[in-house]
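A.B. asks: The structure's right below; bear with me while I get my questions together.
Read-outs throughout are calculated quantities, based only on the coordinates presented, and are distinct from any laboratory measurement. The model shown is predicted, which means the values in this text are computed figures rather than measured ones. Here the Cβ positions follow ideal geometry from the backbone for every residue, glycine too, while neighbour counts run over all protein chains shown.
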């Protein structure tokens, strides 16, 4: 299993367009871009499709494999931009399946009214927490409930992937999980890679802060969900909260800080 990080940023696009703070200015001068958080697995499974996805595919020279699968965590604009997703293409044999919660699909129907070039593919599927998604004969994903924005009664999702006998936990845009069924599902598995958000925000319980991030990792270890070579990667970074002290603390805990364009495999 190989993964490329198409973006690793939170909320606002970083470096922020209208910000001249020292951090954004430095990143802009050095040509560093966090972008919006998204990963691509084995050139076939895309988690989230935010603004800039098409550009990233071109810049990173990605040749997608079909059937292609897009899994959306939730409806926030930094995770799903309808203009970036695939419209129905007539006479195409390359199938594209998109999976999202009901809230996202409802909003997508409103978007369609204002964009005559967009049509909702019949291969767009509504998914529910804890119901396995069969991606192909051997690979599947299990949606789990994130602890995130519950506006519109949305069921925001994270994912557990089983691909080529490897197990990946993708837990971005969530605070400490507040659903017992989510923990039960997470603790069933032993992970090769854990990708966990680290927004550094202490006052918002719908994102992971430093304390909860390390508590989460320790909880997995205590429950024997980690292997000897499990990779732990931090994503969904908040650039205005990012500093050397915090990144050093993570690295000392054996955590790798993701960056846009980073590859990892297991």
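A.B. asks: Using the basic label-point model (7 angstrom from Cα toward the beta carbon), what is the residue 248 to residue 65 distance in nanometres?
C.D. replies: 4.2
A.B. asks: If you rank 121, 172, 83 by fewest surrounding Cβ atoms within 10 Å, what's the result?
C.D. replies: The most exposed by this proxy come first: 83, 121, 172.
A.B. asks: A follow-up question, please. Could you calculate the contour length gain from residue 184 to residue 214, that is, 0.36 nm times the residue separation minus the distance between their Cα atoms, to one decimal place in nm?
C.D. replies: My answer for the length gained is 8.9 nm.
A.B. asks: At what distance in nm do the modelled label points of residue 106 and residue 23 sit from each other, each positioned 7 Å from its Cα along Cα→Cβ?
C.D. replies: Here the answer is 3.4 nm between the modelled labels.
A.B. asks: Under the rule a/c < 1.5 gives rounded, and otherwise a/b versus b/c splits prolate from oblate, where does segment 202-266 land using the Cα gyration tensor?
C.D. replies: Oblate, because a/c is 1.5 or more while a/b does not exceed b/c.
A.B. asks: Here's another thing I want to ask about it. Provide the FRET efficiency to the nearest 0.05 for the residue 224-residue 150 pair, computing r from the beta carbons and using R0 = 22 Å.
C.D. replies: Taking R0 as 22 Å, the efficiency between residue 224 and residue 150 is 0.10.
A.B. asks: Relative contact order, percent, of the chain when contacts are C-alpha pairs under 8 Å separated by at least 6 residues?
C.D. replies: Dividing the mean separation by the residue count of the chain yields 19 percent.
A.B. asks: Run the numbers for residue 264 and residue 54: contour at 0.36 nm per residue of separation, minus the present Cα-Cα distance, in nm.
C.D. replies: That works out to 73.5 nm of additional length.
A.B. asks: Rounded to the nearest 5, what % of DSSP beta bridges with both residues in the chain are antiparallel?
C.D. replies: 50
A.B. asks: Order of 150-161, 102-113, 62-73 by packing, highest average Cβ count within 10 Å first?
C.D. replies: Ranked by mean Cβ neighbours within 10 Å, highest first: 150-161, 62-73, 102-113.
A.B. asks: Here's another thing I want to ask about it. Can you tell me the FRET efficiency between residue 132 and residue 32 if r is taken as the Cβ-Cβ distance and R0 is 30 Å, rounded to the nearest 0.05?
C.D. replies: Here the calculated transfer efficiency is 0.20.
A.B. asks: Counting alpha carbon pairs within less than 8 Å and at least 6 residues apart, what relative contact order, in whole percent, applies to segment 97-182?
C.D. replies: RCO, segment 97-182: 24 percent.
A.B. asks: Provide the gained length on full extension for the span residue 115 to residue 257, in nm with one decimal, where the gain is 0.36 nm per separating residue minus the Cα-Cα distance.
C.D. replies: 47.4 nm
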